Structure formats: structure tokens, C-alpha cells
Amino acid sequence: MAAITRVDHAFELSSYRDQHFRGALDHQEKLLKKSTTLYVGNLSFFTTEEQIHELFSKCGDLKRIIMGLDKVKKTPCGFCFVEYYTREDAANALRFVSGTRLDDRIIRTDWDAGFLEGRQFGRGKSGGQVRDEYRTDFDSDRGGYGKAALRQLQTLDQNMF
């Protein structure tokens, strides 16, 4: 009788790689494979550190949470880093928390090579996240209209007068 093996996708790496990583791709891969840090995205701008702690601490002991901030306004901009003491606890969070709802939003988690000072700031031109630069819809939990939609609205207003 053949043994059934279960693949645990929580320890696997996604295809995403941080394009701003300072170093070689193989070094980033090594860090990702032993990391205890998760990137958490699609957060509401109103989600608090306490809410993140409450949810992620169910998977293990947290070392720290670093909230993502708009680099201009210094306000939350929809992401954070969650660092655990062990890889196993981080894998549990990836396994059980990714894809769940927090503040009525489906959050995404992925392995991160490890937090370095300065990475807590959004990389978008206006200070927030890059994805909000190109978003054309209205999302009250992420600051209203995306920057692309605001530019379109401003152009329409200017053309009307």
C-alpha cells in the first residue's frame, strides 16, 4: 500500500520577490527559507496593531509587529510585518491566517526575508503603497479613491471649467 504524503504549503515560498532587496537573489532565497517574518498585506488603513496582535498571536509567540506607514504622512498605509520567534509559528500563521478577514478585509500573508529599518514606509510616489497609486476604484478602508482615480477626477474637473 502506498503511503499518502501531505504537502504543507505553509513552508513553501511564493513566486513573489522583493525587487528592492539589497543583495543577490540566492541570498534572498536563503533568508526566505529560514525567515520567521511575514509580510501582511491588504489591511485597512484603520486596522490597529492591537488587532493584528490579537489575530496573529493565536498562531504562536510574537516577537514584534511593524506597522507599514505612509512615508509622507506617517499614517498606516495597509501593510505590516509580523515577526515570530520560531519558523513553525510563522508557518502556522501563513497556514491559518492568510486569506481570513480582519476589519472586513481579506488579508494576504507571505514570507519576508526579514525586516530592516526603512522598510516600514510605503514605496508609492505619494508615500503610500504602490498598489494604491494605480487603484481606480473607491475603497473607504484604504483612503477612498486610488491616486489614479483622483488624477482622472481632477482632469475631468479641469476640463469642465
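Each reported figure results from applying straightforward, stated rules to the coordinates on display, with no laboratory input. Worth saying up front: this structure is predicted, and the values here are computed from it rather than measured. Counting neighbours? That spans all protein chains shown, and the Cβs are built from the backbone with ideal geometry, glycine included.
Worth pointing out:
- Spin-label zone in the range 99-114 - amide nitrogen under 20 Å from a point set 7 Å from the Cα of ALA24 along the C-beta vector: 113-114
- Label sites at GLU54 and ILE66, each approximated as a point 7 angstrom past Cα along Cα to Cβ, lie 2.5 nm apart.
- Net lengthening on full extension, LYS73/TYR85 (0.36 nm per residue, minus Cα-Cα): 1.2 nm
- One decimal place: the segment LYS34-PHE46 gains 1.2 nm when fully extended, by the rule 0.36 nm per residue minus the C-alpha distance.
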